[in-house]
Amino acid sequence: MSPKPVEYAPTAWNSQKPRDLPPGLDVDKLSNAQKALRRYPMNGRGVQCGEFLSEYAADLTVGEIQERTDAELDKVNEGVEHLCWYWPSWFNPAAVVDAIGGVAGFFAYAGGIFGAVVFSLIDWDINQFFFGITHVFLPFFLVHYLAKIAIKREWVKNKRNTKFNRCTGMVSFNVSRRKRVSYPFDEFDAYVSIGVSRSGGGNFHLRLIHRYTGASVANPNPNSKNWEAEGEWELLQAFMDTSRPLPDIPLFELMREIDPASIEHDRRTNRPRRWWRRQDRNE
């Protein structure tokens, strides 16, 4: 038996009933820094292709769904009032610790083991190898390991993430460590921010800018191609649009059972309950 469906608030975003919004900030009066953030706007609004790969949001994979019993899956949605999707934030202590652990892991293996092997081969000196292991690999690996343990055991709190609430249509995020703001989703415009990866390549981040205040938030998770950021923007719009069912990807499989638009769509199309669970993981 499925839990009770959630309810959409009057503020929930419905693309079929757009609001008559006033113009945003005068771009000509913005600072150079604000103009730079708006240099690469997304191409319009709406879902264009509707082909969302699970790799865009694989927090709940097919394998993880299949490993749970029906009773465990039934409990996931008990007491849920709002359907939300989160972006990590640099104001989130857990995200910062996770990033530090990731960088430490990179230096442990790339700088420690690889460097030790290279230098020992160049100098034909086994001492170079042990020096790299003890003075580079072990210290960085210890930081990497402690970061993973701290997150797993919740020694650092997972909070202050950017939250997209489908039921209320609101986007909530921190503009400072102590100040958190919430604005309607349809008041945001999407842009691409370009960064540089550790390997020197280009990264593309989806950035949302509130058209009336200039407050902005970006997904720190990088995309290697510009079209991947476009796909991420489409997926986000589809998630927030209550006139449509949730995107049919593993991440939202369990949410479908309590989302009114998805329930109606699945009933009309005879979509099997927990369809993703029936898929062959090897295909």
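Amide H contacts of Asn203 (H built 1.01 Å from N, in plane; Pro and chain starts excluded): Gly195, Val196, Ser197 sit under 5 Å, all sequence-distant by 5 or more or on other chains. Once all protein chains are placed together, Asp20 keeps about 150 Å² accessible to a 1.4 angstrom probe. A simple rule links phi to the HN-Hα coupling: the Karplus curve 6.51 cos²θ - 1.76 cosθ + 1.60 with θ = phi - 60°, which for the stretch 148-165 gives 5, 5, 4, 6, 5, 8, 6, 5, 10, 7, 8, 8, 6, 6, 6, 10, 10, 9 Hz, with x for Gly and Pro. Accessible area ranking (1.4 Å probe, heavy atoms, ligands and nucleic acids excluded), largest first, for Tyr109, Tyr191: Tyr109, Tyr191. Neighbours of Pro93 by Cβ distance under 9 Å: Lys/Arg scored +1, Asp/Glu scored -1, total +3.
To the nearest 10, the accessible area of Arg177 is 130 Å² with a 1.4 Å probe. The amide H of Leu83, built 1.01 Å from its N in the peptide plane, has Arg166, Cys167 as neighbours under 5 Å, considering only residues 5 or more places off or on other chains.
Potential lengthening of the chain between Ser31 and Ile194 amounts to 56.8 nm, from the contour at 0.36 nm per residue minus the alpha-carbon distance. Size of the stretch 191-283: Rg and Dmax of its alpha carbons, in Å, are 17.0, 49.
Length gain on complete extension for the stretch Asn158 to His265, per 0.36 nm per residue less the alpha carbon to alpha carbon distance? Net length gain for the segment: 35.1 nm. At an R0 of 51 angstrom, the distance between the Cβ atoms of Arg39 and Arg68 translates into a FRET efficiency of 0.70.
These residues, Phe252, Phe204, go from largest to smallest accessible area, 1.4 Å probe, as Phe204, Phe252.
Sorting Ile209, Ile100 by solvent-accessible area of protein heavy atoms yields Ile100, Ile209, largest first, with a 1.4 Å probe.
The values are calculated or read from the model by the stated rules, or taken from the named source; none is laboratory data. Every value quoted in this text rests on a predicted model; they were computed, and no experiment measured them. Counting neighbours? That spans all protein chains shown, and the Cβs are built from the backbone with ideal geometry, glycine included. We work out accessible area using only protein heavy atoms, side chains counted, and drop any ligands, DNA or RNA first. Shrake-Rupley method; radii C 1.70, N 1.55, O 1.52, S 1.80 Å.
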